[in-house]
Structures are given as structure tokens and as C-alpha cells.
Amino acid sequence: MRKQIIKNLVIDKLVDAEILGEEALELKVENIDAFKLKQLELEHELKLKELEIRKEDELKLKEDELELKQDELKLKQAELEMRERLEMEKLKLEMVKEESNTKVQSKSEYFDAAKNIRLVPRFCEKTVDKYFPQFEKIAHNLNWPKPYWTTMLQSVFEGKTTEIYSALPSEKNSDYDTVKQEVLKAYEVVPEAYRQTFRSYKKFDSQTYVEFAREKEDLFNK
């Protein structure tokens, strides 16, 4: 306000000294209160503008924060979906592995009896006591499952052994130890029969003299 008063005095002096024309008097502020009011209005407008700018900045900041949170949520959602996909892939791999193991196990447990029947030693009624140890040795060496042993034996049984096997109940004719016991029991002979066998035993063409001597010795020991 003081500056405006000084300004008015300077203008008056310059006009009186004819340095400035009378039109310069229009530059004088006639109403100091009006000037002050104008100044206050300008200051108020400036404050409003600053407040508006501040609000815009705050709004922009909130929008940026909201956008950042949305990006974080999208990232977390993507991570969750990726984790779920990985879990699904892991489950699929485990299922495939388990299925593969089951197939391998089933394949390893499968036994083709028909394919192995030709390897069963021929049954001979004269050497029943030696037949079963020979059969068991072959079965163990070839890893034949024991539940199939009676099936393998049935393929070579003949005559009396076939009758013995057929006479057994179904719950017993599949048990190897029972079948073996019944066959040995049926072929059990008296000492006199062993002596007759010893006397009548002759060498086969396919036998060596060492084998023949061993057989005679076995018959003698019986």
C-alpha cells in the first residue's frame, strides 16, 4: 500500500513538472482499498490454484498407487497360476511314473507257463524220488513262481500220477507240497521191490558207465 502511495506522488510530481503528460494520471491508484482487495483476490486465486494442483498431484499419486497395487495383484495371480500349473504337471508326471511302474511290475510278475512247459523235466516212474529235487532245482534256477509248479508238473504227469493228481480236491491240487507228498506216498515201495529193481536194472545206451554205476549204487543203498 505504501508503494502505491509513493507511486501516486511520483506521478503527480512528474505531471506537474510536465515530464509526463496528463494521461499518466490514469496510472494512479485512486482507491487503495480496491487495490488491496484486488491483491487479496489474486492471492486467493493463487492459493486455490495451488490447492487444485496439490489435489491433482494427490489424485495422480493415488492413481499411481492403485495401478501399482493392481500390477502387484496381477503378478501374484500370475505366480499363483504358474504354481498351480507346476503342481498339475508334477501330479501328471507322478501319475505317469506310477502307471509306468505298475506296468513294469505287472510285466515282471507275469509268468508264461505255456512257454516254460517245454523246460519241465520228463517224469519217470522209476526215479520218482529223484524227480522232485531235479524239478525244484530247475524251477528255482528259472525263477518259476511256486503257484505255477503244479501246473508245470501236470503237463508231464502220466499214468498213475495223473490219477493221483485228478483225485485231489481242487483246493489241494494247486499246492505243490501236497501234490509232491501224495505222489511220493503212492510210489512208496518195499525193500523187496528195491532189490528186484537193483537186480533187473541195466545200462541204457545213453548212459555212461560212471552214470550206470552211480544208479546201481543208489539202488543198492535203498
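Does T161 fit the bill of being under 30 Å from F212 (Cβ atoms), touching a helix residue (DSSP H, G or I) at 6+ places or on another chain (Cβ under 9 Å), crowded, with 17+ Cβ neighbours inside 10 Å and modelled with pLDDT under 90? Step through it out loud before you land on a result.
On the way: under 30 Å from F212 (Cβ atoms): yes; touching a helix residue (DSSP H, G or I) at 6+ places or on another chain (Cβ under 9 Å): yes; crowded, with 17+ Cβ neighbours inside 10 Å: yes; modelled with pLDDT under 90: yes.
So T161 fits the description; yes.
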Close pairs (7 angstrom Cβ cut-off, 6 or more residues apart or separate chains): in contact (Cβ under 8 Å) with a residue 24 or more places away in the chain and farther than 22 Å from K115 by Cα in region 153-179, surrounded by 13 or more Cβ atoms within 10 Å (Cβ to Cβ) and not charged (D, E, K, R) anywhere: K160/A186; T161/F123; T161/V183; V179/T150; V179/L153; V179/Y165; V179/L168; V179/N173
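Considering only region 110-159, state which residues are among the small types (G, A, S) and either farther than 19 Å from N173 by Cβ or within 43 Å of the chain's Cα centre (by Cα) (or both). I'd like the intermediate steps shown before the answer.
Going residue by residue through region 110-159, those that are among the small types (G, A, S) are 113-114, 139, 155, 159.
Those that are among the small types (G, A, S) and either farther than 19 Å from N173 by Cβ or within 43 Å of the chain's Cα centre (by Cα) (or both): A113, A114, A139.
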Condition broken by Y131, with the remaining ones in (1) closer than 27 Å to E215 by Cα; (2) outside any helix (DSSP H, G or I) satisfied: (2)
Single match in E84, E72, E99 (criterion: more than 27 Å from N173 (Cα to Cα), modelled with pLDDT of 90 or more and surrounded by 10 or more Cβ atoms within 10 Å (Cβ to Cβ)): E72
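Looking at region 141-154, can you tell me whether even one residue there is part of a loop (DSSP other than H, G, I, E, B), of a type in the set (A, V, I, L, M) and more than 15 Å from E125 (Cβ to Cβ)?
Going residue by residue through region 141-154, those that are part of a loop (DSSP other than H, G, I, E, B) are 142-145.
Within this subset, residues satisfying the condition of being of a type in the set (A, V, I, L, M) are 142.
Imposing the further condition that a residue be more than 15 Å from E125 (Cβ to Cβ) reduces the set to 142.
Scanning region 141-154 turns up at least one residue that is part of a loop (DSSP other than H, G, I, E, B), of a type in the set (A, V, I, L, M) and more than 15 Å from E125 (Cβ to Cβ).
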Pair list, Cβ < 8 Å and 6+ apart or interchain, from region 120-148 residues that are in contact (Cβ under 8 Å) with a residue 60 or more places away in the chain to residues that are of a type in the set (S, T, N, Q): E125/T161; K126/T197
Failed criterion for P121 (all others in (1) at pLDDT below 90; (2) of a type outside the set (G, A, S); (3) in a loop (DSSP other than H, G, I, E, B) hold): (1)
Selection within region 176-196 - part of a helix (DSSP H, G or I), at pLDDT 65 or above and in contact with a helix residue (DSSP H, G or I) (Cβ under 8 Å, 6 or more places away or on another chain): Y176, V179, K180, E182, V183, L184, A186
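Taking Y110, is it at pLDDT 85 or above, among the hydroxyl-bearing types (S, T, Y) and under 30 Å from E182 (Cβ atoms)? Full working, then the answer.
Values: at pLDDT 85 or above: no; among the hydroxyl-bearing types (S, T, Y): yes; under 30 Å from E182 (Cβ atoms): yes.
Answer is no for this residue.
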Flag for I53 being out of contact with any Cys (no Cβ under 7 Å at 6 or more places or on another chain), of a type outside the set (K, R) and modelled with pLDDT under 75: no
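The values are calculated or read from the model by the stated rules, or taken from the named source; none is laboratory data. On a predicted model such as this, the values are computed, not experimentally measured, just so you know. A quick note on method: Cβ atoms are made from the backbone with ideal geometry, for glycine too, and the neighbour counts reach across all protein chains shown.
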